[in-house]
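Worksheet: one structure, shown below.
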Amino acid sequence: MAEGKRPGGLTALAVLNFVFGGLGALAVLGMIALVGVVAGAANIATDGEAGELMVEAGLSGGMLMVTIVLMAASCALLIVSGVGYLKQKRVLGRTMGTLYGILALLGTAIGIAGGQGFELATIIGLVYPVLTLILINTTFKEDLVN
Amino acid sequence: MMEPATSNASRVWSPQHVWLIAFYSMRFALRSGGGLMFLLIFLTVGLSVASLFITPLESLVKYDSAVPGGMDAVEISTTILESEMVADAVEWITDSDRDQSEYLLQEQPALLSAILLILLIAVPFTTCFGAFNQTSGDIASRGLRYLLLRTERINIFLGRFVGVVLFTIVSTIGTMLVIILYVQFKVGAYSGVDLWLWGFQGLAAVFFLSLPYIALCAWVSCLLDTSFGSLAICLLISGFSLVLLYVLKLSLISSMKMDPESLGWLSQTLPWGWKYELLHGDPMVRMTAILAMLGFTLAFLLLGLRHFQKRDL
């Protein structure tokens with residue numbers, strides 16, 4: 001199977017990884033810019049006002065950093081595993097893809113524990129990581145062995 | 001040029017062959033890019049439509065729970081979704097009377113009704129993503145020639161159709177299950193029995209509406225040699241037929257001074273025009289809509305089969 005033709009689904013999964021990875025990278029850059037803006041405003045404002053600004057923006061310092069780091073790692077894993085799917089690699093594809101799925105689930109769990117709440121949007125966000133986890137460990141398992 | 005008939009294959013329709021082809025078609029749907037995209041699109045669209053109604057409701061419940069004497073999910077759902085304004089909107093969307101809007105909003109769980117009304121608009125288009133490549137890809141790659149050594153064309157055509165139907169059912173059940181479980185346990189605005197019964201009827205409506213579009217895709221798919229072309233044509237037919245119908249209706253009203261009320265039958269020349277009858281309160285109307293959907297399905301299947309029997313594979 002490994003030497004055979006790559007299934008269309010695996011190619012589609014790789015393309016989706018690049019799309020979601022690219023969009024995620026843009027979101028990470030946007031969040032970093034937002035942090036810069038808030039930090040700039042905090043320099044102008046007094047300590048109390050800075051805290052209020054953060055609260056108004058729905059951000060807490062530690063949680064924001066964790067979110068940015070997790071998102072950046074997810075994007076990197078998405079793009080790396082996308083390459084792995086195309087080359088039908090076991091470590092680069094299956095392992096990295098599984099790591100992405102687990103990281104996304106972990107990120108969601110941390111978000112819920114951090115008070116973001118469990119909403120329908122949370123489930124929508126989980127659709128792709130869960131599908132990835134299931135597909136690369138069942139349907140495409142025998143295709144990712146190079 | 002027609003393929004020569006094979007001597008070792010049965011010349012007649014064989015349910016066993018159809019089932020075998022359908023089973024493998026469904027089983028390997030996810031291995032093809034189309035099946036994966038359909039599942040992803042259907043899940044995302046279904047859940048996004050549900051989120052469109054549920055998220056604001058949850059926000060209101062959260063906001064109200066912080067206020068002393070605030071309303072709970074049941075009260076908020078009743079106040080908003082069973083209001084006159086929403087009833088008018090439902091009448092306008094479904095092109096029906098007050099009885100039907102009351103049935104959808106007061107006799108059945110209104111939140112699920114609202115989700116289903118919008119979901120039914122999306123179904124014809126999302127279905128195309130799962131059904132566009134029933135035979136076109138294999139016609140292009142000449143892969144069907146291997147199957148033709150073992151079975152007849154009718155079995156391949158029907159087997160692929162049934163395979164897509166089964167895959168659509170599984171995807172629809174998965175999406176509806178998530179929505180119903182969420183509404184039951186997270187929103188908690190309705191009784192479990194009402195919710196599940198109405199959810200089951202909604203599931204049936206989605207299923208029956210998707211049938212003619214899967215059959216239409218089966219027809220288009222065997223007409224074309226490219227799967228992308230098949231997808232584009234299926235989506236164009238699903239969308240442009242509605243635009244053409246609307247333009248025809250407008251021109252009849254303006255040029256021939258016809259009464260808009262008397263042109264209601266025009267929309268029922270397409271499966272689209274029957275979709276909300278699948279959720280009707282009157283069982284007879286519901287049954288007529290189901291028969292209409294089955295009729296459209298049969299017509300598209302026969303047209304497709306006629307072409308598939310003759311074409312060069």
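The values are calculated or read from the model by the stated rules, or taken from the named source; none is laboratory data. The structure presented is a predicted model; accordingly, all values stated were derived computationally and were not measured. For neighbour counting, all protein chains shown are included, and Cβ atoms are generated from backbone atoms with ideal geometry for every residue, glycine included.
Observations on the structure shown:
- Residue check, A:SER74 free of Cβ contacts under 8 Å to residues at least 60 places away in the same chain and assigned to a helix (DSSP H, G or I): yes
- Taking the criterion of being β-branched (Val, Ile, Thr), within 14 Å of another protein chain (Cβ to nearest Cβ) and under 15 Å from the mean Cα position of the chain (by Cα), the residues of segment B:156-185 that qualify are B:VAL170, B:THR175.
- For first residues located in segment A:119-139 and more than 10 Å from every other protein chain (Cβ to nearest Cβ), partners that are surrounded by 20 or more Cβ atoms within 10 Å (Cβ to Cβ) and lie 6+ apart or on another chain with Cβ distances below 6 Å form the pairs A:PRO129/A:GLY101; A:PRO129/A:ALA104; A:THR132/A:GLY97; A:THR132/A:GLY101; A:LEU133/A:GLY101; A:ILE136/A:ARG94; A:ILE136/A:GLY97.
- Residue that is farthest from the other protein chains (Cβ to nearest Cβ), among those in segment B:63-96 that are of a type in the set (Val, Ile, Thr) and under 26 Å from the mean Cα position of the chain (by Cα): B:THR94
- The lone criterion from (1) within 13 Å of the chain's Cα centre (by Cα); (2) polar (S, T, N, Q); (3) closer than 19 Å to B:ARG31 by Cα left unmet by A:THR108 is number (3).
- Given (1) exposed (fewer than 14 other Cβ atoms within 10 Å of the Cβ); (2) within 13 Å of chain B (Cβ to nearest Cβ), number of the condition A:VAL91 does not satisfy: (2)
- Test for A:TYR100: is it crowded, with 18+ Cβ neighbours inside 10 Å and more than 14 Å from every other protein chain (Cβ to nearest Cβ): yes
- The set of residues in segment A:88-104 that are in contact with a helix residue (DSSP H, G or I) (Cβ under 7 Å, 6 or more places away or on another chain) and of a type in the set (Lys, Arg) contains only A:ARG94.
- Pick from segment B:64-99, criterion assigned to a helix (DSSP H, G or I) and hydroxyl-bearing (Ser, Thr, Tyr), ranking: nearest to B:GLY188 (Cα to Cα): B:SER77
- Among the residues making up segment B:122-143, those that are more than 30 Å from B:ILE93 (Cβ to Cβ), surrounded by fewer than 21 Cβ atoms within 10 Å (Cβ to Cβ) and in contact (Cβ under 8 Å) with a residue 40 or more places away in the chain are B:ALA140, B:ARG142.
- Checking each residue of segment A:27-45 against the condition of being within 12 Å of the chain's Cα centre (by Cα), at pLDDT 75 or above and assigned to a helix (DSSP H, G or I) gives at least one match.
- Any hit, segment B:23-37, residues being buried (at least 20 other Cβ atoms within 10 Å of the Cβ), at pLDDT 90 or above and either out of contact with any Leu (no Cβ under 6 Å at 6 or more places or on another chain) or part of a helix (DSSP H, G or I) (or both): no
- Filter pass, B:LEU111 being surrounded by 14 or more Cβ atoms within 10 Å (Cβ to Cβ), over 22 Å from B:TRP274 (Cα atoms) and either touching a strand residue (DSSP E or B) at 6+ places or on another chain (Cβ under 8 Å) or within 13 Å of chain A (Cβ to nearest Cβ) (or both): no
- If the condition is being in contact (Cβ under 8 Å) with a residue 40 or more places away in the chain, small (Gly, Ala, Ser) and either more than 10 Å from every other protein chain (Cβ to nearest Cβ) or farther than 18 Å from B:ILE80 by Cα (or both), then segment B:30-62 contributes B:SER32, B:GLY34, B:GLY35, B:GLY46.
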